[in-house]
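Structure in structure tokens, see below.
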Amino acid sequence: MLSLMILNSINNAQKKQSINEILQMNVESRKHGFELTEKEVEQMLEARDNCLQNVGRLELGTDVSKSIIYYFSSSAYITQQEYSAIINELHEVFYYMKNETEDRIGDDELIKIMKDFFENACGGSMELLKGKLQIFAEDFRKNNGQSNLSIKGE
Amino acid sequence: MLQKSQSEINVINRINLSIKSLNQNQYTLSLLKQGLRTGRISNREAEHFQLQIMDILKDLIMRYTKGESTSVKVDTAENIINSVLYSIDAGLKSQKEIEVAIEAIKEGLAKQMYDTGLAKVAACFKESQNLYLNLRKKRLKVELEAYDCTIEEALPAFFAKYGIVFDAHNTMASIDYPLLFDDMSVKGIFYIRNYLRTLTLENDFCRCFPEEEIKKILITFGQIYKIDYRKTLTNIFELILNGSFFSVLSDGIVNELLLSSFQYEVLQRKLRGISLRELELIIDKTINKVLIDLNISNCNLIEYIYRYKPLLKTRLLTSLEVKSLEKLVLFQDEMSTPEVETIFIEGERMTNQDFRRVVKNVMEAKEPMSKIGIIRSEIHSLEDFIDMLEAEALFGDEYGLLFSELSCLELGLLTKVIFADEMRDGLINLVKIMSFRIDADVEWHEYFIEYLKTIDTDKLRTIEDNVNEIKQ
């Protein structure tokens, strides 16, 4: 556990760099009328770290956050007012789903599935999205056989 | 107060950062910590080095998830980071001096150290595989489950599962067969290599003896201690080394491992009233003769055998002290084993203070035979004997060893204690009871029943007779 504690402290040291990386996503999201302030990004990273801790995962870097912003900033259902809160909630749903689908769906693919449900079947409702994804995860595990991780390294 | 010059401070720092102060199993982290403490490494340098480690981890997480995910479960991440640190440890340890390792950290050479270490881990894995293949070819043909399972199942399973990149630090193997000297402080593949090197040495020694002789000594060992030798965690090398040592010491032939009654007499004569200095000399002389007679020239094996000398000396001293030399040697004919004397019949109960002292001595004794020796010389009543069994001063096989020291009458007394309920209905049929599965709540009851199940029917009948007579 010592090694992980060190990692967390390094992650904190990299906070500034992470904030800048996510702020750069404003260039893309502005095309759809969305923007995050530095404070909002800071809060978002804090919420993400809490969520990672709750679900027992480790994330190094900002790739997932950037992908969530990239895909969801084009949503027809989100307004600038709720944009930051929804992005935070999507992080929570995403990491929960990574565990529920036993790491068998890649990051980008999972975000695309979430976006598709959100835009189509759920009509932009976060509550409906959570319910829909729960059913999806159960079916996914049933169809793929539980606890047979295909992701295996060398 | 005089100010210390910079060179003086450097010297002090160098002294403080000695290799002994570093945790060998967390070498990198320990070096970073000590380096920071002594001022040899600045905060900035340490942070930079750790950031580089994180970059390696990031790459590996991507490799682990085949580029599909940037996050992993915490236990997976911890496993990977430990694997990374294990390789960096190997890289830093391979530097000629501790100072060079510190420079590598200061200069931010984490990736270079990782690559060097990884290459070392890979080479060690390859060497271990070769050692294993040679060992398997030359394995002893013995019916010892732990030996067999370790070579035929545990080690192949380890090689199949081990991953140089993601599992470098893991020793995921159920290696049950005990070595005489095993350095358990080493982890991962470096432990496996050490284990295989040592087992090869032990095997090379054992192969100097005829298979039949090895089989004979194992069977006799089981008979004497009333245990199924095939299921025990016995170190064959130690058994054989002991056998050859005592055979040579008693003027016998080196590869005849079991002693005759005549040889035992010679042994007693030679060791009677011997001084410590003389004992040292006689041990040296005997080990030397064993080596010459077996034509052993492998320096590593010679060194390994000599590591056994202090242990042998302690055992010999203890057995001479408590007059139980016969327990150190194995006889050609089990019947030649001198008759056991009773331990706890008709003796007086000791005071609580004395009892606590005896329990303490038993707990502190390292060798099972020493523990038995203390109990034999100090405990003289059934009550004290049972209190001793309940004092949690004995472990595992030591119980069986102690029970094997008891006479049939004493075994009967203990049987009566355990099967008091069964005896309310009349006489006890111990042979029949032993054929059933019996659950015991008390630890020593469990070991006692296990022991009774190993002894032959004739002896069981004698115990049964004793139990029934005691009832009357």
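The values are calculated or read from the model by the stated rules, or taken from the named source; none is laboratory data. On a predicted model such as this, the values are computed, not experimentally measured, just so you know. Note that we place each Cβ from the backbone using ideal geometry, even for glycine, and neighbour counts take in every protein chain shown. Keep in mind that these areas ignore ligands, DNA and RNA; they rest on the heavy atoms of the full protein, side chains included. Shrake-Rupley method; radii C 1.70, N 1.55, O 1.52, S 1.80 Å.
Provide a list, ordered by number, of residues in the range B:54-71 showing at least 10 Å² less accessible area with every protein chain present than when their chain is taken on its own, using a 1.4 Å probe.
B:54, B:57, B:58, B:61, B:63, B:64, B:65, B:66, B:68, B:69, B:70, B:71
Counting pairs of Cα atoms in chain B, how many percent are more than 42 Å apart?
37 percent
Continuing with this model, one more query. On C-alpha positions alone, give me the angle between the axis of helix B:261-271 and the longest principal axis of chain B, in degrees, nearest 10.
Once rounded, the angle reads 60 degrees.
Taking the alpha-carbon set of the protein assembly as shown, what are its Rg and Dmax in Å?
Just the Cα atoms of the protein assembly as shown yield Rg and Dmax of 33.8, 102 Å.
So what's the net charge close to residue B:53: Lys and Arg +1, Asp and Glu -1, counting the other residues with Cβ under 12 Å from its Cβ?
My count for the surroundings of residue B:53 gives -2.
For the range A:21-127, rounded, prolate or oblate, judged on the Cα gyration tensor with a ≥ b ≥ c (square roots of eigenvalues), a/c < 1.5 rounded, else prolate if a/b > b/c?
Because a/c hits 1.5 or more and a/b fails to exceed b/c, the range A:21-127 counts as oblate.
Leaving out ligands, DNA and RNA, and with a 1.4 Å probe, what % of the accessible surface on the protein assembly as shown is carbon or sulfur?
49 percent
Using a 1.4 angstrom probe, figure out how much accessible area the range B:91-237 has per residue, in square angstrom, rounded to the nearest whole.
That works out to 45 Å² per residue.
How many nm separate the modelled label positions at residue B:107 and residue A:134, each set 7 Å beyond the Cα in the direction of the Cβ?
Result: 5.8 nm between the two label points.
Based on the mean of other beta carbon atoms within 10 Å per residue, what is the order of A:32-45, B:89-102, B:130-143, most packed first?
B:89-102, A:32-45, B:130-143
When all C-alpha to C-alpha distances in the range B:73-208 are sorted into bins of 10 Å, what percent of pairs does each bin hold, rounded to whole numbers?
All Cα pairs, binned at 10 Å, distribute as 12, 38, 30, 16, 5, 0 percent.
Taking 30 Å² as the minimum loss, tell me which residues in the range A:37-68 lose that much accessible area going from the chain by itself to the full protein complex (1.4 Å probe).
A:56, A:57, A:58, A:60
Residues of the range B:144-162 with the amide nitrogen closer than 14 Å to a label point 7 Å from the Cα of residue B:230, along Cα-to-Cβ, please.
Under 14 Å, as judged by backbone N against the label point of residue B:230, lie B:144-149 of the range B:144-162.
Taking residue B:270 as the anchor, which aspartates and glutamates have their alpha carbon closer than 17 Å to its alpha carbon, excluding any fewer than eight residues away along the same chain?
Answer for residue B:270, where 17 Å is the Cα cut-off: B:251, B:278, B:280, B:284, B:321, B:326, listed by chain and number.
Where does helix B:276-293 land angle-wise versus the long Cα axis of chain B, in degrees 0 to 90, nearest 10?
Between helix and principal axis, roughly 80 degrees.
With every protein chain present, what is the per residue accessible area of chain A (1.4 Å probe, Å²)?
Spelled out: the 1.4 Å probe surface of chain A, per residue, equals 50 Å².
Follow-up. Distance from the Cα centre of the range A:29-96 to that of the range B:261-315, in angstrom?
Spelled out, the Cα-based centre of one part sits 74 Å from the other.
Suppose the chain between residue B:74 and residue B:456 were pulled fully straight at 0.36 nm per residue; how much longer would it get relative to their current alpha carbon spacing?
132.0 nm is the gain from fully extending residue B:74 to residue B:456.
Separate question: What are the semi-axes of the equivalent ellipsoid of the range A:82-137, taken as the square roots of 5 times the eigenvalues of the Cα gyration tensor, listed largest first and rounded to whole Å?
The equivalent ellipsoid of the range A:82-137 has semi-axes of 17, 13, 10 Å.
Moving on to the next point. With each pseudo-label sitting 7 Å past Cα toward Cβ, what's the residue B:145-residue B:367 distance in nm, one decimal?
Placing both labels 7 Å along Cα→Cβ, they lie 2.8 nm apart.
Quote the total accessible area buried by chains B and A together, excluding ligands, DNA and RNA, probe 1.4 Å, nearest 100 Å².
Answer for the B-A pair: about 2600 Å² buried.
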